Amino acid sequence: MSNTKLVSFELIDRLILMVEQAKGIPLTNKIFVEKEESMSLLRRLEDSIPADLKQARELLALEKQIIDESNRQAEKTVNDANQQAQATVESANQQAQATVNDAQARASETLRSASDQANAMIADAQARANATIADAQARAQKMVSESEIIARAQAEAQEMLEATRRECEDYAARVHASMNHLMEMADAGLAQQLDALRALRQDVASNQ
């Protein structure tokens, strides 16, 4: 056994003896120890520790510092990634909502415009039919009051009215079909935006 180790054991024994022989503080588990003597023994004990052990202790302290710093960096990286992912999701949600709102607004405007046009055309067709009937009645009244001529004029006016009504109904059907087509296009656009949002969310989740 080296002299350094012998000195270390001797100093440890002296410290143990000092603690065993120290006076106790009444009603406590504490003791009185001579500060200067104990500090002197501890310094000598520290000086007697081999250099390789001191270096090992320093290396352990450095290793702990490196591990702590690595943990802090890893935690910061995870937090930054989570914040970035959250910001990306929020931005995607805002863009998707804006797209949906715009599609709904355009669909509503298209429906309103188509409805206004249909109502205007129906009103115009009704006005023309009424004018035709009024003109036919006026011409019939000016004709000779023969029942056959009057009946023929009335039949012609009725036929024109029916044709006008059929024309209005046909146009209204085309307008409704166009409106349904526009609604289907709007629904398809919304579905594409929602699919894009889902794909973006899955991409963000897979990158976390």
* To do: From (1) surrounded by 12 or more Cβ atoms within 10 Å (Cβ to Cβ); (2) more than 28 Å from MET121 (Cβ to Cβ); (3) among the charged types (D, E, K, R), pick out the condition that doesn't hold for ASP195.
  => (1)
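Okay, residues lined up against (1) assigned to a helix (DSSP H, G or I); (2) touching a residue at least 60 places away in the same chain (Cβ under 8 Å); (3) of a type in the set (Val, Ile, Thr); (4) farther than 30 Å from ASP195 by Cα:
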| position | (1), (2), (3), (4) |
| --- | --- |
| ARG72 | yes, no, no, yes |
| VAL78 | yes, no, yes, no |
| ALA96 | yes, yes, no, no |
| ARG112 | yes, no, no, no |
| ALA129 | yes, no, no, yes |
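Just to be sure before I move on: is THR28 at pLDDT 80 or above and in a loop (DSSP other than H, G, I, E, B) in the structure I sent?
yes
On the basis of being modelled with pLDDT of 80 or more, under 33 Å from the mean Cα position of the chain (by Cα) and of a type outside the set (D, E, K, R), does ASN71 make the cut? Quick ask: steps written out before the conclusion?
Values: modelled with pLDDT of 80 or more: yes; under 33 Å from the mean Cα position of the chain (by Cα): yes; of a type outside the set (D, E, K, R): yes.
Yes, satisfied.
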* **Criterion violated by LEU53 - all others in (1) modelled with pLDDT under 80; (2) assigned to a loop (DSSP other than H, G, I, E, B) satisfied** => (2)
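Residues ALA172, ALA157: which one is open to solvent by less than 60 Å² (accessible area, probe 1.4 Å), more than 26 Å from ALA105 (Cβ to Cβ) and either without any contact (Cβ under 8 Å) to a residue 60 or more places away in the chain or of a type in the set (Phe, Trp, Tyr) (or both)?
On the way: ALA172 fails: more than 26 Å from ALA105 (Cβ to Cβ).
Selected residue: ALA157, the only one of ALA172, ALA157 that is open to solvent by less than 60 Å² (accessible area, probe 1.4 Å), more than 26 Å from ALA105 (Cβ to Cβ) and either without any contact (Cβ under 8 Å) to a residue 60 or more places away in the chain or of a type in the set (Phe, Trp, Tyr) (or both).
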* Structure fact -> Within the range 81-94, restricting to residues that are without any contact (Cβ under 8 Å) to a residue 24 or more places away in the chain and open to solvent by 70 Å² or more (accessible area, probe 1.4 Å), the one that is farthest from GLU184 (Cα to Cα) is GLN83
* **Boolean, LEU190 is touching a residue at least 60 places away in the same chain (Cβ under 8 Å) and open to solvent by less than 50 Å² (accessible area, probe 1.4 Å)** => yes
* Asked: What's the number of the condition ASN180 fails, among (1) open to solvent by 90 Å² or more (accessible area, probe 1.4 Å); (2) farther than 27 Å from GLN95 by Cβ; (3) assigned to a helix (DSSP H, G or I); (4) at pLDDT below 80?
  -> (4)
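Scan the range 107-114 and give yes if some residue there is at pLDDT 80 or above and open to solvent by 60 Å² or more (accessible area, probe 1.4 Å), otherwise no.
There is at least one residue in the range 107-114 that is at pLDDT 80 or above and open to solvent by 60 Å² or more (accessible area, probe 1.4 Å).
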* Structure fact -> Checked pairs for the range 28-47, first free of Cβ contacts under 8 Å to residues at least 60 places away in the same chain, second surrounded by 11 or more Cβ atoms within 10 Å (Cβ to Cβ) and basic (Lys, Arg), C-beta under 6 Å and 6 or more apart or across chains, list as LEU41/ARG14
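The values are calculated or read from the model by the stated rules, or taken from the named source; none is laboratory data. Computed from a predicted structure; not experimentally measured. In this analysis, Cβ positions are derived from the backbone assuming ideal geometry, glycine residues included, and neighbour counts consider all displayed protein chains. SASA here: full protein model, heavy atoms, side chains in, ligands and nucleic acids out. Shrake-Rupley method; radii C 1.70, N 1.55, O 1.52, S 1.80 Å.
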